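A.B. asks: Here you go, one structure.
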Amino acid sequence: MKKTSAALFTALLLGTATLIPIQASAQVSINVNIGAEPPPPRYERVPGPRKGYVWAPGYWNWNGHGHVWVPGYWVKARSGYVYEKAHWYQDRGGWHLRKGHWKEDRHHHGHKPKKHDRGHGYHCPPGQAKKGHC
């Protein structure tokens, strides 16, 4: 009976352990309104270029009690994208942090202009939109 209980306990423990990495990899996005304006950015010496990476400058983060400085770090470059640094913005609800993220590079040579990029009055030729040309 003890061997069966121990085996059952071990199997249960291993089964639970395999679920932990799945739960830990989930991403949660939380928007927090902060009443306090963030301090001015700190001066950081930007290191020399590093092939295949872009520098993400440091920024003030909110830890639930106050602003804490997050130092700059290297981010692996993505072809066709530009890195937009973290920044704070203010609206009627208070201060909001938009963390650093990748944004499509509209000046990249492989970019297909979207309808709103082509100027006022642009008309897509018949049949071209369905083909993905407009």
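The values are calculated or read from the model by the stated rules, or taken from the named source; none is laboratory data. Just so you know, these numbers come straight off a predicted model, no measurement behind them. Don't worry about glycine lacking a Cβ; one is built from the backbone with ideal geometry, like all the others, and counts go over all protein chains shown.
A.B. asks: For the stretch 76-120, which positions are over 30 Å from Pro40 (Cβ atoms) and either of a type in the set (Gly, Ala, Ser) or modelled with pLDDT of 95 or more (or both)?
C.D. replies: Those that are over 30 Å from Pro40 (Cβ atoms) and either of a type in the set (Gly, Ala, Ser) or modelled with pLDDT of 95 or more (or both): Ser79, Gly80, Gly110, Gly119.
A.B. asks: Any idea how many residues of the stretch 33-75 are of a type in the set (Gly, Ala, Ser) and outside any loop (DSSP other than H, G, I, E, B)?
C.D. replies: Of the residues in the stretch 33-75, 1 are of a type in the set (Gly, Ala, Ser) and outside any loop (DSSP other than H, G, I, E, B).
A.B. asks: I'm checking my understanding of the structure. Among residues of the stretch 47-75 that are under 12 Å from Gly100 (Cβ atoms) and of a type in the set (Val, Ile, Thr), which one is nearest to the chain's Cα centre (by Cα)?
C.D. replies: Val75
A.B. asks: Restrict the check to the stretch 65-86 and report whether at least one residue is surrounded by 14 or more Cβ atoms within 10 Å (Cβ to Cβ), under 30 Å from His107 (Cβ atoms) and of a type in the set (D, E, K, R).
C.D. replies: There is at least one residue in the stretch 65-86 that is surrounded by 14 or more Cβ atoms within 10 Å (Cβ to Cβ), under 30 Å from His107 (Cβ atoms) and of a type in the set (D, E, K, R).
A.B. asks: Can you tell me which condition Arg78 does not meet? The list is (1) more than 14 Å from the chain's Cα centre (by Cα); (2) in a loop (DSSP other than H, G, I, E, B); (3) of a type outside the set (Ser, Thr, Tyr), and all the others hold.
C.D. replies: So Arg78 meets the others, but not (1).
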